[in-house]
Amino acid sequence: MGAALLGGGRRAAEAPAKWRGFNLQEKFTATPEEWAALDPEWGRHNEPFVETDFEWMARWGFNFARLPMSYRCWADPKDPFHMAESTLREIDQAVDWGRQYGVHVCLNFHRAPGYSVSGALLAEPWNLWTDQHAVDIFRFYWGHFAERYRGIPSRRLSFNLINEPSHCTAAQYEKVIRAGVDAIRQADPARQVLIDGLFGEAFLPVKELADIPNAVQATRGYAPFALTHYLAPWAGTPRQMPAWPMRVSETVEWNRAMLERWCIQPYREMADRGATVFVGEWGCWNRTPHAVTLSWMRDFLSLWKGVNWGWALWCFRGSFGILDSNRSDVSYENWRGHKLDRRMLELLREF
């Protein structure tokens, strides 16, 4: 399969520090029930990716697309080692559109066998952190994708193994990541991988994984959570009206300096030792006032530019994005039948 996808197309950015882009949600959930359990405004469920997303990203100067996917889009937990070829061909198409339009594609397991960061979804039949069977399935999938795309250069394609690991120890997470990387590198020794930090009150790097070669350390830009997820039901429905800067108590105010302290500093030691850091997700849900959102975004963008980190907004089309976000306080521009948040788009293009 890899050989068929190698030729032609624009050249994608090689350095992760130059990646600027979005998350595309077509395979974020596998069923309408999963989608509804999270947020019906978020996106699609196991649909083909959309060529115009890649075309418009490239047109506006962006070069990165992360594909957060549920493994249930291609497999039934009752028969997990059978992968639906029809779904895999749709992922192939996204990878090839990346080639055509010069957009780096990053495949991600947002829902892995035995793990999802969202407690709103139906429970998995295994636990990825403690069940070897789940790890075997995890290895099988990543080994398959590595073999399927072997030969496609890492400047065009990377693998982000697990989205936002939590409810595990660093040692448990390390074991699973090393198993996945081993399966990938057996099939394709040169494939670049992205390693998420541990998800909790802060998003913390896992120093035990710093020695993995050709790896990017992936963090997040969801701080403060009360601002980014204001009124979001899947996030506990924070109700304090956001402002920027935002005072959350008599002694705590979130501002640019606080963003640097909590979101930049934890990764600085690894970065100083040569690690590459990338922001795999960030953004504000559409209930946060637009002016607050843009002011907060500018501070984060300038901080990331200062430390040379790339980023991918959640999302492109949808409630966090620049298209069809359904905000009540935005004067949208009609863009080929879609509602474009021009002010947000132009802010992102500055960085």
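Results, tabulated for the structure shown:
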{"item": "Choice from HIS144, HIS229, HIS110 showing the highest fluctuation, given a GNM over the chain with Cα pairs closer than 10 Å", "result": "HIS144"}
{"item": "Antiparallel %, DSSP beta bridges [both residues in region 68-163], to 5", "result": "30"}
{"item": "Share, in percent, of DSSP beta bridges within the chain that are antiparallel, nearest 5", "result": "25"}
{"item": "Only Lys, Arg (+1) and Asp, Glu (-1) charged, at Cβ; the chain dipole about Cα centre in debye", "result": "940"}
{"item": "Protection proxy ranking of 172-181, 299-308, 268-277, 155-164 - average other beta-carbon atoms within 10 Å, highest first", "result": "155-164, 172-181, 299-308, 268-277"}
{"item": "Candidates per trypsin sites (Lys or Arg not before Pro) in region 188-239, loop by DSSP, up to 16 other Cβ within 10 Å", "result": "ARG239"}
{"item": "Likely footprinting exposure, MET258, MET57, MET297, fewest C-beta neighbours within 10 Å first", "result": "MET258, MET297, MET57"}
{"item": "For SER158, distant residues with modelled amide H under 5 Å away", "result": "VAL105, CYS106, LEU107"}
{"item": "Integer Hz, Karplus 6.51/-1.76/1.60 couplings in order for region 46-60, x for Gly and Pro", "result": "6, 10, x, 5, 10, 4, 5, 4, 5, 4, 6, 4, 5, 4, 8"}
{"item": "Estimated vicinal HN-Hα couplings, Hz - region 320-328 in sequence order (Karplus 6.51, -1.76, 1.60; Gly, Pro = x)", "result": "9, x, 8, 10, 6, 7, 6, 7, 7"}
{"item": "Theoretical ellipticity at 222 nm over the chain - DSSP helices of four or more residues, -39500 (n - 2.57) apiece, nearest 500", "result": "-9500 deg cm²/dmol"}
{"item": "Whole-angstrom gap from region 109-160 to region 184-248, using each part's C-alpha centre", "result": "17"}
{"item": "GNM top mover of ALA187, ALA202, ALA171 - the chain, alpha-carbon springs below 10 Å", "result": "ALA171"}
{"item": "Simple spin-label estimate for SER249 and GLU47 in nanometres, 7 Å along Cα-Cβ", "result": "4.3"}
{"item": "Volume per residue of the C-alpha convex hull in region 120-233, rounded to whole Å³", "result": "124"}
{"item": "Order of CYS106, CYS284, CYS168 under a 10 Å beta carbon neighbour criterion, fewest first", "result": "CYS168, CYS106, CYS284"}
{"item": "Two-site label geometry, GLU55 and ASN334: point separation in nm, points 7 Å out along Cα→Cβ", "result": "1.9"}
{"item": "Percentage relative contact order, the chain, counting C-alpha pairs under 8 Å, at least six apart", "result": "17"}
{"item": "Per-residue HN-Hα couplings for region 302-313 [Karplus 6.51, -1.76, 1.60; θ = phi - 60°; Hz; x = Gly/Pro]", "result": "5, 5, 5, 4, x, 9, 6, 9, x, 7, 9, 5"}
{"item": "Three-way shape label, region 210-346, alpha-carbon gyration tensor, a/c 1.5", "result": "oblate"}
{"item": "Over 31 Å (Cα to Cα) - which of LYS27/LYS339; LYS78/LYS339; LYS27/LYS78; LYS78/LYS207 fall in this group", "result": "LYS78/LYS339; LYS78/LYS207"}
{"item": "DSSP-defined antiparallel bridges as percent of all bridges, region 152-302, nearest 5", "result": "25"}
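Read-outs: derived from the displayed coordinates by stated rules, not from any lab. Remember, it's a predicted structure, so these values are computed and weren't measured experimentally. Glycine gets a Cβ as well: all are built from the backbone with ideal geometry, and neighbour counts include every protein chain shown.
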